[in-house]
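First comes the structure, then the notes that go with it.
The values are calculated or read from the model by the stated rules, or taken from the named source; none is laboratory data. Note that this is a predicted model, so its numbers are computed, not measured. Methodologically, a virtual Cβ is constructed for each residue, glycine included, from the backbone with ideal geometry; neighbour enumeration extends over all protein chains shown.
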Amino acid sequence: MTWTKITRVENIPPREGRPVRIGELEIAIFNVNGRFLTIENACPHRGGPLCDGIVTGTAVVCPLHGRHFDLETGMPVRAAEAKCLAVFPTRVEDGVVLVDLTAGRAFNESEAAA
């Protein structure tokens, strides 16, 4: 894995997300009660900034149209027709959030259920 240092953990408050742009890629990192999860930042419906959405459990609600996405799998929670989002391995080391930007992937429904 190739880990990229992103930010200190205190820069992402609990139950909130923050956008990060690295080159052409924009991701959103969420603090879910001390567990950090990273997902593509744009909702596939209309490109809404997921980093601005409300975090509920391990899901985020798109601030533009209310679609819910699971932060662990990138799968839509309620809208079966919505596209899945890529999720990225994320870890914390010495108080710094690191993301493997090369390992982002979108799960399919059977993988997410396993």
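Remarks
- Members of segment 62-98 found to be surrounded by 18 or more Cβ atoms within 10 Å (Cβ to Cβ), over 11 Å from the mean Cα position of the chain (by Cα) and modelled with pLDDT of 95 or more, listed by number: Val97, Leu98
- Single match in Gly47, Gly53 (criterion: over 9 Å from the mean Cα position of the chain (by Cα), at pLDDT below 95 and not charged (D, E, K, R)): Gly47
- When we screen Leu50, Leu71, Leu85, Leu64 for residues that are touching a His at 6+ places or on another chain (Cβ under 9 Å) and closer than 20 Å to Arg15 by Cβ, the only hit is Leu64.
- In segment 1-104, counting only strands (runs of 3 or more DSSP E) that sit wholly within it, the ones holding 3 or more residues that are touching a residue at least 24 places away in the same chain (Cβ under 8 Å) and either on the phi > 0 side of the Ramachandran plot or in contact with a Lys or Arg (Cβ under 8 Å, 6 or more places away or on another chain) (or both) span 25-32, 96-99.
- Residues in segment 1-39 that are under 20 Å from Asp94 (Cβ atoms), in contact with a Pro (Cβ under 7 Å, 6 or more places away or on another chain) and aliphatic (A, V, I, L, M): Met1 only.
- The residues of segment 1-14 that are surrounded by fewer than 20 Cβ atoms within 10 Å (Cβ to Cβ) and either out of contact with any Phe, Trp or Tyr (no Cβ under 8 Å at 6 or more places or on another chain) or aromatic (Phe, Trp, Tyr) (or both), listed by number, are Met1, Thr2, Trp3, Thr4, Lys5, Thr7, Arg8, Glu10, Asn11, Pro13, Pro14.
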